[in-house]
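Report on the following structure.
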Amino acid sequence: QVQLVESGGGLVQPGGSLRLSCAASESIDGFRNMGWSRQAPGNQRESVATITNSGGTDYADSVKGRFTITRDNAANTVYLHMNSLKPEDTDVYYCRANRLFRQYWGQGIQVTVSS
């Protein structure tokens with residue numbers, strides 16, 4: 001069973017930065033893509049950023065120019081670099097990994113943007 005463990009969340013002031021990490025229990029080379037989604041209570045989970053196994057990236061319009069997703073294959077880790085954070089970025093962030101017929105999720109980590 002694949003395990004995805006997120007870290008790096010917390011409380012940050014508006015305009016600040018955070019880096020989320022997602023460590024996989026096995027090689028991430030085997031996933032078609034990996035990414036980050038977020039969800040607030042009562043809302044649907046939305047995709048924030050995706051990176052393919054060839055390095056292609058895609059972002060939600062709400063985070064373009066502020067968030068960057070990267071991957072370190074040697075460390076089996078995907079990162080989400082978040083800059084210029086806004087209060088509306090406050091959510092639980094989930095790491096995900098996709099194979100052809102299956103999707104895996106981390107347990108989620110809280111990001112709170114508040115002064």
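The values are calculated or read from the model by the stated rules, or taken from the named source; none is laboratory data. These numbers were taken from a predicted model, which means no experiment stands behind them. Note: ideal-geometry Cβ built from the backbone for every residue, glycine included; neighbour counts use all protein chains shown. The protein model used for the area step is the full one, side chains on, heavy atoms only, and it has no ligands, DNA or RNA in it. Shrake-Rupley method; radii C 1.70, N 1.55, O 1.52, S 1.80 Å.
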query: In the range 40-54, what residues are within 13 Å of the chain's Cα centre (by Cα), open to solvent by less than 40 Å² (accessible area, probe 1.4 Å) and of a type in the set (Gly, Ala, Ser)?
result: Ala49
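Here is a yes/no grid of residues against (1) closer than 17 Å to Val12 by Cα; (2) of a type outside the set (A, V, I, L, M, F, W, C):
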{"site": "Ile28", "(1), (2)": "no, no"}
{"site": "Trp36", "(1), (2)": "no, no"}
{"site": "Ser62", "(1), (2)": "no, yes"}
{"site": "Ile69", "(1), (2)": "no, no"}
{"site": "Lys86", "(1), (2)": "yes, yes"}
{"site": "Arg96", "(1), (2)": "no, yes"}
{"site": "Phe101", "(1), (2)": "no, no"}
{"site": "Gln110", "(1), (2)": "yes, yes"}
field: Matching residues, the range 55-64, being open to solvent by 60 Å² or more (accessible area, probe 1.4 Å) and closer than 21 Å to Arg99 by Cβ
entry: Thr57, Asp58
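Give me the residue from the range 5-34 that is within 25 Å of Glu88 (Cα to Cα) and aliphatic (A, V, I, L, M) and, out of that set, surrounded by the fewest Cβ atoms within 10 Å (Cβ to Cβ).
In the first step, residues of the range 5-34 are kept if they are within 25 Å of Glu88 (Cα to Cα); the result is 5-22, 34.
Still in the list and also aliphatic (A, V, I, L, M): 5, 11-12, 18, 20, 34.
Numbers: Val5: 14, Leu11: 12, Val12: 18, Leu18: 20, Leu20: 24, Met34: 23.
Here the residue is Leu11.
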message: Looking at Ser37 and the list (1) farther than 12 Å from Leu4 by Cα; (2) open to solvent by 40 Å² or more (accessible area, probe 1.4 Å), which single condition is not satisfied?
response: (2)
statement: Phe67 vs (1) surrounded by 12 or more Cβ atoms within 10 Å (Cβ to Cβ); (2) hydrophobic (A, V, I, L, M, F, W, C); (3) out of contact with any His (no Cβ under 8 Å at 6 or more places or on another chain): all pass except (3)
task: Scan the range 1-28 for residues that are under 21 Å from Asn73 (Cβ atoms) and in contact with a strand residue (DSSP E or B) (Cβ under 8 Å, 6 or more places away or on another chain) and report the count.
output: 15
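Give the residue, chosen from Gly55, Gly42, Gly30, Gly8, that is modelled with pLDDT of 95 or more, of a type in the set (Gly, Ala, Ser) and out of contact with any Asp or Glu (no Cβ under 8 Å at 6 or more places or on another chain).
Only one candidate qualifies: Gly8.
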- prompt: So is Ala97 under 11 Å from the mean Cα position of the chain (by Cα) and either among the aliphatic types (A, V, I, L, M) or in a helix (DSSP H, G or I) (or both) or not?
  reply: yes
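Being outside any loop (DSSP other than H, G, I, E, B) and open to solvent by less than 20 Å² (accessible area, probe 1.4 Å) is the filter; apply it to the range 82-94 and report the residue that is nearest to Ser27 (Cα to Cα). Break it down stepwise before answering.
Initially, the range 82-94 is screened for residues outside any loop (DSSP other than H, G, I, E, B), giving 82, 87-89, 91-94.
With open to solvent by less than 20 Å² (accessible area, probe 1.4 Å) added as a condition, the list becomes 82, 89, 91, 93.
Details: Met82: 24, Asp89: 30, Asp91: 28, Tyr93: 22 Å.
Within the range 82-94, the match that is nearest to Ser27 (Cα to Cα) is Tyr93.
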